[in-house]
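Undergrad: Okay, here's the structure, questions in a sec.
The values are calculated or read from the model by the stated rules, or taken from the named source; none is laboratory data. Quick caveat: nothing in here was measured; it's all calculated off a predicted structure. Cβ sites come from the backbone with ideal geometry, for glycine too, and all protein chains shown count toward neighbours. Just so you know, the surface numbers come from the protein's heavy atoms only, side chains and all, with ligands and any DNA or RNA stripped out. Shrake-Rupley method; radii C 1.70, N 1.55, O 1.52, S 1.80 Å.
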Amino acid sequence: MNSLELGQESDRLNVVVVGLGYIGVTAAACLTSQGHRVVGVDVNEEKAARINAGISPITEPQVDELIEVAVASGLLRASNSLPSMADIDLVVVCVGTPSAKDGSHNMTYVAESARQIARAIDTAGSSRRVTVAFRSTFRPGTMDALIIPLFSDLLGDRLHDAVELVYNPEFLRETTAVEDYFHPPKIVIGTRDGQLSETMARLNQGIDAQVFDVKFREAEITKFVDNSWHAVKVAFANEVGRVCAAYGVDADAAHKIFISDTKLNISSYYTRPGGAFGGSCLPKDVRAMQYIAKAAHVDVDLINALNTSNDSHVEFQVDRVRRAAPAGSRILVAGLAFKAGTDDMRESPNVTLTSRLLDEGYEVRVFDPAVHASSLVGQNLGDIMSALPRLRELLVEAGEFDESQFDLVVANNATIDELGAHGLPVLDLRSIRA
């Protein structure tokens, strides 16, 4: 486990986590492992019931064990409504901000959560000052233009004495989220005046990372800058990989040469030609960065090209399957989620690929041991059922088939390592080879 000892009982916080998706559940699990007492809140009754039964509503390494221990020890419970704020030190808001096609965010859940939290603090009438930290991703200026006015409407002149508002972006990667929580690349704390938040300092006690205490807007832009850059690296690598393939160049060898330059090329992350980018962050935050730039009348030609380039790469991968097996072939897709070990399929290029293969007449089955149709909830469930309504009949488990049933295995992520392929021919889309 990656828990950190807090040492003193006085260092432990009473925390409410609002929104029990991937970020909220991971935060709740990690907070309890540090000794903090946590109440998780989500409108989804099934999520709350699972947590209260000691079961994680998401698939993420280590989270199941942390939640089981936390519930058994009385440090974690879940509810569909906010608890009394009389004894609460910190509220962490992790609700979703779904992205529209133009990149704008749907702020319904954030706004409603802010209203309910402000109302609960007002009703409690406590002299205790509550820190409310927003981790939901939204555009710069949102804290000033939306969150502060919502709290002011209910609390009026009591706002400063009753509430400390904070913007605190997270840097969790799925399948390594617990490790990332305790060993983040940086900690960014946005406050109205850019000064230290004592509550957030207590929260991050013992975590070894550079801390940036900044104003709201600098904190709000952070995720868009980071994820747009990650998307740039992935798209760049894949474009180079396609050129390599066209000229008979070994893309893996070219990659090794490229990353050997640690003076100029520095980072090897995201620069290996392979699968398209996807998941809950990169496509959404690229669209948001485009929207933010457009709203300010700023031209961002490269960023505007990222999702187009990514779509081209998915088409390139579909064409690789076409060349490996004719339409009507029996194909086993290894890996449906955008990353092995998670069941998050939001904007997964592997879902798009699978849907395209079905449309083109292939007989497709899917092997992904982290994905269970019966346990999917929320936006993840809605998105996958829109893209692959036959998901239940497509999924197969190890041992349910033999090599004679398929003509080709399409490997999308590290799920192929669990499958073993059983001697079947494998098209590995994680690498681009001439």
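Undergrad: Please enumerate the residues belonging to the range 394-408 that are out of contact with any strand residue (DSSP E or B) (no Cβ under 6 Å at 6 or more places or on another chain) and surrounded by 15 or more Cβ atoms within 10 Å (Cβ to Cβ). So that I can check it myself, show each step before the final result.
TA: The first filter runs over the range 394-408 and keeps only residues out of contact with any strand residue (DSSP E or B) (no Cβ under 6 Å at 6 or more places or on another chain), leaving 397-405.
Within the range 394-408, 401 is the sole residue that qualifies.
Undergrad: Related question: State all residues of the range 196-252 that are within 23 Å of residue 94 (Cα to Cα) and among the polar types (S, T, N, Q); if no residue qualifies, say none.
TA: Residues satisfying the conditions are 197, 199, 204, 205, 210, 222, 227, 228.
Undergrad: When only residues in the range 362-393 that are among the hydrophobic types (A, V, I, L, M, F, W, C), touching a strand residue (DSSP E or B) at 6+ places or on another chain (Cβ under 6 Å) and free of Cβ contacts under 8 Å to residues at least 40 places away in the same chain count, which is farthest from residue 414 (Cα to Cα)?
TA: Checked the range 362-393; the qualifying residue farthest from residue 414 (Cα to Cα) is 364.
Undergrad: Name the helices (runs of 4 or more DSSP H) wholly inside the range 21-99 in which the number of residues that are touching an Asp or Glu at 6+ places or on another chain (Cβ under 8 Å) is 3 or more.
TA: Because the criterion is at least 3 residues that are touching an Asp or Glu at 6+ places or on another chain (Cβ under 8 Å), the helices (runs of 4 or more DSSP H) in the range 21-99 that meet it are 22-33.
Undergrad: Within the group 132, 110, which residue is at pLDDT 95 or above and in a strand (DSSP E or B)?
TA: Sole residue among the options that is at pLDDT 95 or above and in a strand (DSSP E or B): 132.
Undergrad: Only one residue in 136, 104, 126 is farther than 30 Å from residue 185 by Cβ and open to solvent by less than 40 Å² (accessible area, probe 1.4 Å). Which one?
TA: Result of the check over 136, 104, 126: 126.
Undergrad: I've got another one for you. Looking at residue 327 and the list (1) part of a loop (DSSP other than H, G, I, E, B); (2) crowded, with 18+ Cβ neighbours inside 10 Å, which single condition is not satisfied?
TA: So the condition that residue 327 fails would be (2).
Undergrad: While we're here: How about the range 358-388: which of its residues are in a loop (DSSP other than H, G, I, E, B), open to solvent by 30 Å² or more (accessible area, probe 1.4 Å), over 21 Å from residue 57 (Cα atoms) and not small (Gly, Ala, Ser)?
TA: 360
Undergrad: Here is a further query. Pick from the range 110-121 the residues that are crowded, with 18+ Cβ neighbours inside 10 Å and not small (Gly, Ala, Ser): which of them is farthest from residue 285 (Cα to Cα)?
TA: Checking each candidate, the answer is 121.
Undergrad: Quick one: is residue 344 among the acidic types (Asp, Glu), crowded, with 18+ Cβ neighbours inside 10 Å and part of a helix (DSSP H, G or I)?
TA: no
Undergrad: Return the only residue of 199, 175, 222 being in contact with a Ser or Thr (Cβ under 6 Å, 6 or more places away or on another chain), open to solvent by 10 Å² or more (accessible area, probe 1.4 Å) and modelled with pLDDT of 95 or more.
TA: 199
Undergrad: For the range 390-407, which residues satisfy the criterion of being over 26 Å from the mean Cα position of the chain (by Cα), within 10 Å of residue 365 (Cα to Cα) and part of a loop (DSSP other than H, G, I, E, B)?
TA: Listed by number, the list holds a single entry, 406.
Undergrad: Restrict the check to the range 297-306 and report whether at least one residue is of a type in the set (Gly, Ala, Ser), touching a residue at least 40 places away in the same chain (Cβ under 8 Å) and farther than 21 Å from residue 427 by Cβ.
TA: Scanning the range 297-306 turns up at least one residue that is of a type in the set (Gly, Ala, Ser), touching a residue at least 40 places away in the same chain (Cβ under 8 Å) and farther than 21 Å from residue 427 by Cβ.
Undergrad: A further question follows. Among the residues of the range 202-220, are any within 30 Å of residue 370 (Cβ to Cβ) and in contact (Cβ under 8 Å) with a residue 40 or more places away in the chain?
TA: yes
Undergrad: Looking at the structure I just gave you, is residue 276 open to solvent by 30 Å² or more (accessible area, probe 1.4 Å) and in contact (Cβ under 8 Å) with a residue 12 or more places away in the chain?
TA: no
Undergrad: For the range 292-313: of the residues being within 17 Å of residue 412 (Cβ to Cβ) and open to solvent by less than 20 Å² (accessible area, probe 1.4 Å), which is farthest from the chain's Cα centre (by Cα)?
TA: Out of the qualifying residues, it is 313.
Undergrad: Could you tell me which of the residues 69, 93 is hydrophobic (A, V, I, L, M, F, W, C), more than 23 Å from the chain's Cα centre (by Cα) and either modelled with pLDDT under 95 or surrounded by 14 or more Cβ atoms within 10 Å (Cβ to Cβ) (or both)? Show your work before the answer.
TA: Details: 93 fails: more than 23 Å from the chain's Cα centre (by Cα).
Sole residue among the options that is hydrophobic (A, V, I, L, M, F, W, C), more than 23 Å from the chain's Cα centre (by Cα) and either modelled with pLDDT under 95 or surrounded by 14 or more Cβ atoms within 10 Å (Cβ to Cβ) (or both): 69.
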